[in-house]
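Okay, structure first, notes after.
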Amino acid sequence: MENIRRNIRNYIDTLPPHVKLVAVSKFHPAEAISIAYDAGQRIFGESRANELVEKAKILPSDIQWHFIGHLQTNKVRAILPFVALVHSVDSQRLLSTIDDESKRIGRVTDVLLQVHVAQEETKFGFMPDELLEFVGSGAIKGMNNVRICGVMGMATNTDDVKRIEADFVAIRQVYDALKASEFADEACFEIVSMGMSDDYQIAIKHGSNMVRIGSSIFGVREY
Ligand SMILES: *Cc1c(COP(=O)(O)O)cnc(C)c1O
């Protein structure tokens, strides 16, 4: 716990100014988040709906909660009042549920589209071609209560730097393709969320402007 303050300060001081830090606090207690908060951190990432809601209820209201894990459609309603950005939109059904539920409570929810490139890590996310096709289909046009602000992705969990670089390049290319076409006129479409504790420097080198850092701030997670 004593290191959390120092770790946060270190990231705040060393990340390039255009890169936002999401402190991934999943599985860590509210006290750990408070320490990071007191060190100046305001954006926290959670991957389980119940955990996000429980923490949001007791921690300061100016925290921006980001949802970064796989989100089941039946959990959307619970997190919406608390969440500032959903990184992990991985299906049309989820996007349309977020839109419907946002409409119901009269808000517009910011989201990222998750791109699947990693070799084994997760089965979630749109394949690059699938995502370009989905966005190109016009399916998003009628969704007025979601604002698509960019993409999120993960690299393969490997020591092979070439592989990690190829994954980040692929995610970045999807972002560039969308930015040049469907989202050309959307000022808010500007987030490339990629990079975790072990690979964020490579991610930044390949165009990330939002990194999601957990264990190197809060220590190892006990599941
Ligand atoms: C857990 C998690 C992170 C943080 O990973 P660390 O290796 O602990 O930095 C980042 N992104 C996602 C999607 C995660 O699930």
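Some observations on this one:
- Any chance Phe189 is open to solvent by less than 30 Å² (accessible area, probe 1.4 Å), more than 13 Å from the ligand (Cβ to nearest atom) and either modelled with pLDDT under 95 or assigned to a loop (DSSP other than H, G, I, E, B) (or both): yes
- Selection of the stretch 210-223 for residues being near the ligand (Cβ under 10 Å from one of its atoms), open to solvent by 40 Å² or more (accessible area, probe 1.4 Å) and charged (D, E, K, R) yields only Arg221.
- A single member of Ala180, Ala184, Ala155 is more than 9 Å from the ligand (Cβ to nearest atom) and either over 17 Å from Leu113 (Cα atoms) or open to solvent by less than 30 Å² (accessible area, probe 1.4 Å) (or both), and it is Ala155.
- Pairs meeting the criteria (first residue in the stretch 83-95 and modelled with pLDDT of 95 or more, second residue assigned to a helix (DSSP H, G or I) and open to solvent by 10 Å² or more (accessible area, probe 1.4 Å), beta carbons under 8 Å, at least 6 apart or on different chains) are Gln92/Phe134; Arg93/Thr73; Leu94/Thr73.
- Tabulated pairs, the stretch 65-76, first of a type outside the set (A, V, I, L, M, F, W, C), second in a loop (DSSP other than H, G, I, E, B), C-beta under 8 angstrom, 6+ apart or interchain: Gly69/Lys26; Gly69/Ser47; Gly69/Arg48; His70/Ser47; His70/Asp90; His70/Thr122; His70/Phe124
- Scoring Trp65 on the criteria (1) among the aromatic types (Phe, Trp, Tyr); (2) in contact with a Ser or Thr (Cβ under 9 Å, 6 or more places away or on another chain); (3) assigned to a strand (DSSP E or B) leaves a single failure, condition (2).
- Hey, Gln92 among the polar types (S, T, N, Q), crowded, with 21+ Cβ neighbours inside 10 Å and under 25 Å from Ala177 (Cα atoms) or not: no
- Matching option when the condition is touching a strand residue (DSSP E or B) at 6+ places or on another chain (Cβ under 8 Å), aliphatic (A, V, I, L, M) and open to solvent by 40 Å² or more (accessible area, probe 1.4 Å), among Ile12, Ile8: Ile12
- All of (1) surrounded by 14 or more Cβ atoms within 10 Å (Cβ to Cβ); (2) within 16 Å of the ligand (Cβ to nearest atom) hold for Gln72 with one exception: (1).
- Residue count for the stretch 22-55, restricted to those that are within 16 Å of the ligand (Cβ to nearest atom) and either closer than 26 Å to Thr73 by Cβ or surrounded by fewer than 21 Cβ atoms within 10 Å (Cβ to Cβ) (or both): 18.
Yes/no matrix, rows are residues, columns are (1) small (Gly, Ala, Ser); (2) in contact with a strand residue (DSSP E or B) (Cβ under 8 Å, 6 or more places away or on another chain); (3) modelled with pLDDT under 95:
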site: Asn144; (1), (2), (3): no, no, no
site: Gly153; (1), (2), (3): yes, yes, no
site: Val161; (1), (2), (3): no, no, no
site: Glu165; (1), (2), (3): no, no, no
site: Lys179; (1), (2), (3): no, no, no
site: Glu182; (1), (2), (3): no, no, yes
site: Ile202; (1), (2), (3): no, no, no
site: Gly207; (1), (2), (3): yes, yes, no
site: Gly214; (1), (2), (3): yes, yes, no
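- Taken together, Gly207, Gly195 contain a single residue that is open to solvent by less than 10 Å² (accessible area, probe 1.4 Å) and either free of Cβ contacts under 8 Å to residues at least 40 places away in the same chain or closer than 15 Å to Ile68 by Cβ (or both), which is Gly195.
The values are calculated or read from the model by the stated rules, or taken from the named source; none is laboratory data. Only a predicted model underlies this, so the values are computations on that prediction, with no experimental measurement involved. Reconstructed Cβ throughout: ideal geometry from the backbone, glycine too, with neighbour counts over all protein chains shown. Keep in mind that these areas ignore ligands, DNA and RNA; they rest on the heavy atoms of the full protein, side chains included. Shrake-Rupley method; radii C 1.70, N 1.55, O 1.52, S 1.80 Å.
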